[in-house]
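This report concerns only the one structure given below.
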Amino acid sequence: EATIGKIAAGEVIERPASVVKELVENALDASARSIVVEIAAGGRECIRVRDDGLGISAADLPLAIERHATSKLRRFEDLASLRTFGFRGEALASIAAVSDLEIISRPPDAVHGVRLRSVFGRRTALEPVAAAPGTVVTVRDLFANVPARRSFLRQESTETAYIQRVVGACALAHPEVRFELVVDGRTVLATDGSGSLENVLVGVFGAEAAAQMVPIQPTDDLGDQARPLRLEVHGCVGLPTLTRSNRLGMLFFVNRRWIESRPLGVAVEQAYHTLIMVGRYPVAVIHLELPPGSVDVNVHPTKREVRFSDERAVFNAVQAAVRRTLAQHVP
Ligand code: ADP
Ligand code: MG
């Protein structure tokens, strides 16, 4: 059972950033208005996610770390429309199998909170505690019992960059939620939850970078590529003066859900062709809206990769949108 837990954990939890993503999505699922992520040593030593959401009742807390325990009722349409984050009830179970995990939670109407601790798959505590409404999940010593997995982790700064990208993506997808990321005691990302996209851009990328980002041209002009797909492209792209040494500054969302897509990355990079130096990469926040039926969500267990029914048309539409926007701003 311990082995099964560890193997299964590997599918969902690849690195500290995967833990952060699962915990933040749980907080969002719990209607949190404020989510604070704190990490130490690239997340290996400690990851803490604090939210002010609906909390977990004393009776449900032990179940939350059981495999396939989920409080979220879902129908197939939910999956198809990409609206619900978790759908497997295995994130917390997976994290519990490979870390020293503590959850303190208090639903707003409960008189006190409950604290659960599980050390590498073994529950060691379940007790009442004083707590603010909401949930605090603390994950320590990730993968300490899976040396192969731990040695596969990159250096601290790289793992931190992945985490920063995850929190940035969540903040960009949820301007109405306040996000903060604290790295080794220093706040590196903060948004105010006001719903202002401007505020989110500044909070995620910094004021200097945000000043070099321009909105993508409205979709009407995408013409024949997008219309049969009922595809809309919006978001913003960095001017060619804003470049990075890696691809982490390119973020894609489908129906408000963050996805990874190498093909879309290539589409954007090609739109900047000759505008930026070889070895440098653009910054872009690209939202695609399209009918749920044209996207397949179930390609990867962590749901970050999707397949479009017409990949080529989506690729072309994104590239056209970026080119058009750049053409307007770059002489
Ligand atoms: P899933 O999100 O797929 O349901 P998880 O393993 O991520 O599975 O979480 C298990 C359950 O724990 C959730 O269904 C939810 O009931 C509860 N839970 C986890 N995190 C939170 C949170 N931050 N606030 C409220 N409930 C939570
Ligand atoms: Mg979940």
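Kindly evaluate residue 154 against the criterion of being more than 16 Å from ligand 2 (Cβ to nearest atom) and either assigned by TED's automatic domain parsing to the domain that holds residue 257 or crowded, with 21+ Cβ neighbours inside 10 Å (or both).
On the way: more than 16 Å from ligand 2 (Cβ to nearest atom): yes; either assigned by TED's automatic domain parsing to the domain that holds residue 257 or crowded, with 21+ Cβ neighbours inside 10 Å (or both): no.
No; evaluated as a whole, the condition is false for this residue.
In the range 142-169, what residues are over 30 Å from residue 31 (Cβ atoms) and acidic (Asp, Glu)?
156
Quick one: which strands (runs of 3 or more DSSP E) sit completely within the range 147-259 and have at least 3 residues that are in contact with a helix residue (DSSP H, G or I) (Cβ under 8 Å, 6 or more places away or on another chain) and under 21 Å from residue 20 (Cα atoms)?
Working: elements: 178-183, 186-190, 213-215, 232-238, 250-254, 257-259.
Counting at least 3 such residues, we get 178-183, 186-190, 250-254.
Go through the range 31-51 and count every residue that is in a loop (DSSP other than H, G, I, E, B) and either away from ligand 1 (no atom under 12 Å from the Cβ) or more than 16 Å from residue 175 (Cα to Cα) (or both). Let's see the steps before the verdict.
Going through the range 31-51, the residues in a loop (DSSP other than H, G, I, E, B) turn out to be 31-33, 44-45.
Now narrow it down to the ones that are either away from ligand 1 (no atom under 12 Å from the Cβ) or more than 16 Å from residue 175 (Cα to Cα) (or both): 33, 44-45.
Number satisfying all stated conditions: 3.
Identify, by number, the condition in (1) within 21 Å of the chain's Cα centre (by Cα); (2) at pLDDT 95 or above; (3) within 15 Å of ligand 2 (Cβ to nearest atom); (4) polar (S, T, N, Q) that residue 105 doesn't meet.
Result: residue 105 passes all but (1).
With the checklist (1) more than 11 Å from ligand 1 (Cβ to nearest atom); (2) modelled with pLDDT of 95 or more in hand, flag the one item residue 83 doesn't pass.
Residue 83 satisfies every listed condition except (2).
The values are calculated or read from the model by the stated rules, or taken from the named source; none is laboratory data. Just so it is clear, the model here is predicted, and its values are computed rather than measured. Glycine also receives a Cβ, built like all others from the backbone with ideal geometry; neighbour counts cover every protein chain displayed.
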